[in-house]
Amino acid sequence: MAVSAGTLEHYSGGSSLVQSNQNLTGAVTGNSASQVVTGTNSITGDSFAGASGLPSVIQNSGNNVLIQNGVIVNVQMKP
């Protein structure tokens with residue numbers, strides 16, 4: 001059963017500053033690559049066909065690479 005807007009008013013969080021931080025730390029050390037061939041990478045027009053949510057793409061065509069990715073999603077609900 002749905003809750004009325006009047007009832008929800010009493011549970012409102014009000015307003016505030018939201019600050020989110022991510023500290024991603026990593027290191028690539030002691031690696032080696034010799035006589036390697038890297039390829040290509042591409043995203044075509046249909047790559048995200050039918051995608052939903054928060055799609056993310058990380059591409060790399062190199063060697064001995066550390067890729068770090070972080071996503072922070074803040075959702076604010078208002079009556």
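Scaling the Cα radius of gyration of the stretch 17-62 by the globular reference 2.2 N^0.38 Å produces a ratio of 1.82. Restricting the calculation to alpha carbons of the chain gives Rg and Dmax of 22.0, 69 angstrom.
Bear in mind these aren't lab numbers, they're just calculated from the coordinates by the rules spelled out. Just so it is clear, the structure is predicted and the values come from calculations on it, not from any experiment.
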